[in-house]
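Asks: Got a structure for you, written out below as structure tokens; questions coming shortly.
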Amino acid sequence: MIIYKKVIDISVFIESTRRINDSIGFVPTMGALHQGHLSLIEESKKDCNLTVCSIFVNPTQFNDKSDFEKYPVTLEADIALLESVGCDVLFIPTVREIYPDNNIDYYDLGLLEEILEGKYRSGHFQGVCQIVSRLLDVVRPSIVFVGQKDYQQCMVIKKLIQIKGIDASVVICPTKREFTGLAMSSRNVRLSVDGKVAATAIYKSLLFVKESISYLLLNDVKEQVETALFKNGFSQIDYVELCDATSLKPITYWDSTTPIVVLIAATIEGVRLIDNLVIS
Ligand code: PAF
């Protein structure tokens, strides 16, 4: 695996490789890699001739400074994991490389920025767009591989690509789960053993929604989920929402013909977790 730290160096490499290689797969990450990330690399290797991964803990997408400071950094282990799955190129820029000046672009994300994560993490998706836009300019991928766990982020990245008018597609890969059902996340390392067990209540709740939505009122479903989460030790629930799977507009009643997505964001042991399930 070739490791680049400077924009200029990886740009020269990409320029030369694009002449012979038009299928570049890209997996943007913030490191602290787990099986979920590796599955994206594996998917990219299946579909593309060259796979590029980036590791950059992007300060502009953290609305909570302490979350940024606590974000796990495990670079050596990450490099070993990427090598084990045959990633071709790793880009690990510094903040100065990525943001050399104070020019910050604004992206009109419409509803996507007003609801769910957009509502609870003000400015988060602008930060995601700033970094992903910069990385797309440098890596110039044909396909970007993203994980379904960050459902809204997947839609934001699709919208960003549309706004930028570039010729890249987005492949959304299924959420990787522990055998308990807990969605893999870099933040899980901050949970205690008991916390990890209790946190499986999120996935159980998603399954409960899927199973009960056809015979319970939406408000009752949400209420039962909230009660179950609090009972399992969650201290805060930001949302339990059912949305149209394509537009992400919250729905008020369930019509079995339209695919929907159930999304949950809740905090346990001071760790904010998100998860979702598509019901089609
Ligand atoms: O999902 C993430 O890890 C980040 O939001 C991303 C897409 C790498 C941008 O920093």
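Asks: Give the stretch 135-165 a look and list any residue that's within 11 Å of the ligand (Cβ to nearest atom), aliphatic (A, V, I, L, M) and not in a helix (DSSP H, G or I), or say none.
Replies: Val144, Val146
Asks: Sticking with this one: Considering only the stretch 166-206, how many residues are out of contact with any Ser or Thr (no Cβ under 8 Å at 6 or more places or on another chain), of a type in the set (Val, Ile, Thr) and either modelled with pLDDT under 95 or part of a loop (DSSP other than H, G, I, E, B) (or both)?
Replies: Of the residues in that region, 3 qualify.
Asks: What residue, of Ala266, Ala199, Ala183, is small (Gly, Ala, Ser), touching a residue at least 40 places away in the same chain (Cβ under 8 Å) and touching a Lys or Arg at 6+ places or on another chain (Cβ under 6 Å)? Reasoning before the result, please.
Replies: Working: Ala266 fails: touching a Lys or Arg at 6+ places or on another chain (Cβ under 6 Å); Ala199 fails: touching a Lys or Arg at 6+ places or on another chain (Cβ under 6 Å).
Sole residue among the options that is small (Gly, Ala, Ser), touching a residue at least 40 places away in the same chain (Cβ under 8 Å) and touching a Lys or Arg at 6+ places or on another chain (Cβ under 6 Å): Ala183.
Asks: Does Phe125 qualify as being within 16 Å of the chain's Cα centre (by Cα) and near the ligand (Cβ under 10 Å from one of its atoms)?
Replies: Numbers: within 16 Å of the chain's Cα centre (by Cα): yes; near the ligand (Cβ under 10 Å from one of its atoms): yes.
It is true that Phe125 is within 16 Å of the chain's Cα centre (by Cα) and near the ligand (Cβ under 10 Å from one of its atoms).
Asks: I would also like to ask the following. Give me the residue from the stretch 5-58 that is among the aromatic types (Phe, Trp, Tyr) and within 16 Å of the ligand (Cβ to nearest atom) and, out of that set, nearest to Val138 (Cα to Cα). Lay out the reasoning, then the answer.
Replies: Step one: of the stretch 5-58, the residues among the aromatic types (Phe, Trp, Tyr) are 13, 26, 56.
In the following step, the residues that additionally are within 16 Å of the ligand (Cβ to nearest atom) were identified as 26, 56.
Working: Phe26: 11, Phe56: 14 Å.
Filtering the stretch 5-58 for residues that are among the aromatic types (Phe, Trp, Tyr) and within 16 Å of the ligand (Cβ to nearest atom), the one nearest to Val138 (Cα to Cα) comes out as Phe26.
Asks: Please state which of the following conditions Val189 fails to meet, knowing it meets all the rest: (1) surrounded by 14 or more Cβ atoms within 10 Å (Cβ to Cβ); (2) of a type outside the set (Asp, Glu); (3) in contact (Cβ under 8 Å) with a residue 24 or more places away in the chain.
Replies: Failed condition: (1).
Asks: Tally up the residues in the stretch 1-29 that are over 12 Å from Thr51 (Cβ atoms), touching a residue at least 24 places away in the same chain (Cβ under 8 Å) and outside any strand (DSSP E or B), please.
Replies: 9
The values are calculated or read from the model by the stated rules, or taken from the named source; none is laboratory data. If you're wondering where the values come from, they're calculated on a predicted model, not measured in any experiment. Methodologically, a virtual Cβ is constructed for each residue, glycine included, from the backbone with ideal geometry; neighbour enumeration extends over all protein chains shown.
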